[in-house]
Amino acid sequence: AIIPTPKGKALAAKRRLIWGFGGQGKRGAATYAQTLQNMPETQVTTLENGLRVASEESNHPTCTVGVWIKAGSRYEDPKTNGAAFFVEHMALKGTKKRPGSDFEKEVESLGAHLNGYTSREQTAFYIKALSKDMPKAVELLSDLVQNCALEESQMEKERVVILQELKEMDSNLTDVTFDYLHATAYQGTSLAHTVEGTTDNIKRMTRGHLVSYVDTHFKAPRMVLAAAGGISHKELVDAAKQHFTGPPFTSKGDSVPTLRRCRFTGSEIRARDDALPLAHIALAVEGPGWADPDNVVLNVANAIIGRYDRTFGGGKNQSSKLATLAVEHNLCHSFEPFNTCYSDTGLFGFHFVSDPLSVDDMMFCAQGEWMRLCTSTTESEVARAKNYLRNAMVAQLDGTTRVCENIASHLLHYGRRIPLEEWDARISAVDAKMVRDVCSKYIYDKCPAIAAVGPIEQLLDYNRLRSAMYWVRL
């Protein structure tokens, strides 16, 4: 018998680590390709009233069923800003058929979980339950969106709750910074509104405001009923036909006027407070809307920039050049790039949290990294970033709730569910030249929007920051 030496054992172990045991590395690559090809088909049926019913069947013992509505703070005016958020709170507090706690008790009797959220362009309500209870979940959701009680007594209770939430949100400086960023980037437009509304608006909100909002926006053509898990599409459609038949679903037309385009403005908001320990700063340029193919390239660019937090391992050995600089020179506590999309516009930028005396250095390095993306992105960086995006894309398969939300969001944003195989092909098509060209298109020599909160004395004036959006090259 041949007895391997310690060196031979080490080499064998290294090969197994790189290639996988018994050639499993190849099988792993094949498994990824098979995963993309063998994804369950997303079935979509449009009812006569315009309601889109979509589902993706799997062998999960549970399912997530939800209603996603094309309505949010962007559809409000300055006087009614906060109505969508108020309606979300009220909708979970009982209906005309199931008043008060009866609605919650019926959900709990199924062992189900009910939740909802509101954003600038969407409102959603969804239930996670056992697959066999899907028809009952559809009935409960239809009751919620068609027969919301909006009782005056319950409104007063929720008003107190919302006002308390607004106070708590003011202490979340990251959220405050992004609200300021929207306020300055889209000043004078509906995208400048916060999702939660203002304290004055919440105090003045009446039942009439909420009824008007629901009657205007909760229409069948503006909704998607989506489901994922161990369910049958036919049963889902049958349940939708049976229950989504009330007044909001008898009109085929979409009565909401077309949104006016929200124009981006290069400007800034500074809220200096030297009593705070850390500075929160966000800088963004105008990005593309949801359906623009440039989003894939910009997401690759953001993956090249990477993200960092002091709790991360790796130190200065991270692949992100900006993260390496942040560690070596103690530039910030955390940073993260973002690409926030809306129907016709977006915000592409970065946000960081730093000590007061590191603000200038961190901003200089972050803007320098943007300029490097525009001028000298390499193929090796792009290859790494594309693998990161593929990993994030496959992670969307975890759990029925994420799949269900993905289905509904795609139908509202793109008009169809884009399969993972198509996303993978779009990612694969990106190369270094595309990243340089697209980043130059959106970043290079563009006026940014800036929001800064906290001890920001060291943040340079706007003109200096604007001058760092290009390089003078001889």
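The values are calculated or read from the model by the stated rules, or taken from the named source; none is laboratory data. Just so we're clear, the structure is a prediction, and the values are computed from it rather than from any experiment. Cβ: placed from backbone, ideal geometry, glycine included. Neighbour counts: every protein chain shown. Heads up: the accessible areas ignore ligands, DNA and RNA and are worked out on the full protein's heavy atoms, side chains in. Shrake-Rupley method; radii C 1.70, N 1.55, O 1.52, S 1.80 Å.
Each semi-axis of the equivalent ellipsoid for segment 258-415 is √(5λ) with λ an eigenvalue of the Cα gyration tensor; in descending order they amount to 28, 21, 16 Å. Taken along its principal axes, the alpha carbon cloud of segment 391-441 reaches lengths of 37, 23, 16 Å, longest axis first. Over all other residues within a Cβ to Cβ distance under 15 Å of Arg207, the charged ones net out to +1, with Lys and Arg as +1 and Asp and Glu as -1.
Only protein heavy atoms count here; under a 1.4 Å probe, Thr378 has an accessible surface of about 60 Å². Spatial offset of segment 42-66 relative to segment 314-377 amounts to 40 Å, using the alpha carbon center of each. Can you give the local net charge around Ala383? Use residues other than it whose beta-carbon is closer than 13 angstrom to its beta-carbon, Lys and Arg +1, Asp and Glu -1. So the surrounding residues net to 0.
Stretched out straight at 0.36 nm per residue, the stretch from Tyr462 to Thr378 would grow longer than its current Cα-Cα span by 27.2 nm.
Looking at segment 332-474 from every direction and averaging, what is the projected area of its Cα convex hull in nm²? List each step's numbers first, then the result.
Values: hull surface 43.6 nm².
Mean shadow area of the hull around the Cα atoms is 10.9 nm².
Estimated at the nearest 10 Å², the accessible area of Ser334 is 30 Å² with a 1.4 Å probe. Electrostatic bookkeeping for Glu121 treats Lys and Arg as +1 and Asp and Glu as -1; over the other residues with beta carbon under 9 Å from its beta carbon, the sum is +3.
With each label modelled as a point 7 angstrom along the Cα→C-beta vector, the Arg416-Lys157 pair spans 4.7 nm.
Between exposed GluC sites (Glu not before Pro) in the chain, where DSSP calls loop and at most 13 other Cβ atoms lie within 10 Å, what's the longest gap? Within the chain, the longest run free of exposed GluC sites (Glu not before Pro) spans 49-456.
With a 1.4 Å probe and all protein chains left in place, how much accessible area per residue does the chain have, in Å²? Don't skip to the end; give the middle numbers.
Numbers: 22380 Å² over 474 residues.
Heavy-atom SASA per residue in the chain reads 47 Å².
For the chain, what relative contact order do you get, as a whole percent, if you take Cα pairs closer than 8 Å and at least 6 residues apart? The partial results should precede the final answer.
Numbers: 832 pairs, mean separation 94.4, N = 474.
Relative contact order of the chain: 20 percent.
Taking every protein chain into account, the 1.4 Å probe leaves Cys332 with about 0 Å² of accessible area, to the nearest ten. Each of Phe86, Phe352, Gly116 was placed along the dipole of the chain (beta-carbon charges, centred on the mean Cα), and the one lying farthest toward the positive end is Phe352. Considering only Cα atoms, the convex hull volume of the chain works out to 188 Å³ per residue. Set the Cα radius of gyration of segment 294-351 against 2.2 N^0.38 Å, with N its number of residues, and you get 1.25. Considering segment 317-391 at the alpha-carbon level, its Rg and Dmax are found to be 13.8, 40 Å.
Quick one: order Thr345, Thr199 from most to least accessible surface, probe 1.4 Å. Don't skip to the answer; put the middle values down first.
Values: Thr345 0, Thr199 65 Å².
Highest to lowest solvent-accessible surface, that is Thr199, Thr345.
Using the beta-carbon distance between Glu108 and Asp274 and R0 = 30 Å, what value does 1/(1 + (r/R0)^6) give for FRET efficiency, to the nearest 0.05?
Values: r = 48 Å, r/R0 = 1.61.
That gives a FRET efficiency of 0.05.
FRET efficiency for the pair Asp175 and Lys234, taken as 1/(1 + (r/R0)^6) with r the Cβ-Cβ distance and R0 = 35 Å, rounds to 0.25. Placing a pseudo-label 7 Å from each Cα along the Cα-to-Cβ vector at Tyr117 and Gln164 gives an inter-label distance of 2.3 nm.
Using a Förster radius of 25 Å, what is the FRET efficiency between Ala429 and Gln396 based on their Cβ-Cβ separation? Nearest 0.05, please.
My answer for the efficiency is 0.80.
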